[in-house]
Amino acid sequence: MKRTLLSTLLLLGVAGLAGPLAAEELTADEVADRAAASSYYQGEDGRAEVTMTITDRQGRERKRELIILRRDMGADLGKQRFYVFFLDPADVRRTAFLVWKNPTADDDRWLYLPALDLVRRIAASDERTSFVGSDFFYEDVSGRAPEEDEHELVEVTDTYYVLRSTPKDPGNVEFASYTTYIHKDTFLPVQTEYRDSNGEVYRTYTVEEVETIDGHPTVVRSRMTDEESGGFTVLEYEDVEYGVDLGEDLFTERYLRNPPAEVQ
């Protein structure tokens, strides 16, 4: 596997060298669509083992181990099934999260809480709340549809497209806008800054490591920082596989309570 380290300092340095947009450059919507495809739709399906490390403002750490399964549903980009199963520690073990991503409607999301033996439907209004106590939101984990935002290509450098996005329905989100630095060769978003109504950055997503796996540039370490509290969460991906032939029936409510062999 070919490994590439993406430096935040390099990213920010290159961003200052932007010139006028060339005629052959992609439109803002095209960049947003390709970035979403690179982030969430590489290969027909995939599996990864993930370590989540949550660090609070005092530097105290909590670790969680989980498995992520993903399956695209035919040629209709955007229609996808997503399954997350927690292995450790004991207080979250067997917790499961299921997403049916819909390109033309709200996504369907369910969370299974084993301590209560309860399957809870996650409302659209809860998509941008903490994912099991981390600095990532539910929507960060499974992805936000590009169609939900208006996009503007504000800079193009030798290395990055810089995209500013504003929500079409601001009443459903807590951010006023976000700025994303998208690597031109891979179309991976390597940094995203979420801004509030005062224009202040309050959350920052940063890619810290990328590997090319089965021909797909793949994020294997990322960080979400809460700029207000000083806390952050790191996700580290191991044993990433594409083309594992996951069955459609794995991504149904029955497997929330009874996890499939693919996550055990």
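The values are calculated or read from the model by the stated rules, or taken from the named source; none is laboratory data. From a predicted model like this one, the values you see are computed outputs, not experimental measurements. Please note: Cβ atoms are built from the backbone with ideal geometry, for glycine as well, and neighbour counts cover all protein chains shown.
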Response to the item:
Matching residues in the range 162-209 (in contact with a Lys or Arg (Cβ under 6 Å, 6 or more places away or on another chain) and in a strand (DSSP E or B)) number 7
Worksheet item: Somewhere in the range 214-228, is a residue of a type in the set (Ser, Thr, Tyr), over 26 Å from THR27 (Cα atoms) and either in contact with a strand residue (DSSP E or B) (Cβ under 8 Å, 6 or more places away or on another chain) or free of Cβ contacts under 8 Å to residues at least 60 places away in the same chain (or both)?
Response: yes
Worksheet item: What are the residue pairs meeting all of these: first residue in the range 25-41, first residue at negative phi, second residue of a type in the set (Gly, Ala, Ser) and modelled with pLDDT of 95 or more, Cβ atoms under 9 Å, and 6 or more apart or on different chains?
Response: ALA28/SER165; ALA32/SER165
Worksheet item: Does the range 237-246 contain any residue that is in a loop (DSSP other than H, G, I, E, B), surrounded by fewer than 18 Cβ atoms within 10 Å (Cβ to Cβ) and in contact with a Ser or Thr (Cβ under 8 Å, 6 or more places away or on another chain)?
Response: no
Practice prompt. May I ask you to list the residues in the range 25-54 that are surrounded by 18 or more Cβ atoms within 10 Å (Cβ to Cβ) and part of a strand (DSSP E or B)?
Written response: ASP45, GLY46, ARG47, ALA48, VAL50, MET52, ILE54
Discussion item. Can you tell me how many residues within the range 100-142 are over 21 Å from TYR41 (Cα atoms), assigned to a helix (DSSP H, G or I) and not charged (D, E, K, R)?
Written reply: 2
Worksheet item: What's the number of the condition GLU262 fails, among (1) of a type in the set (D, E, K, R); (2) at positive phi; (3) outside any loop (DSSP other than H, G, I, E, B)?
Response: (2)
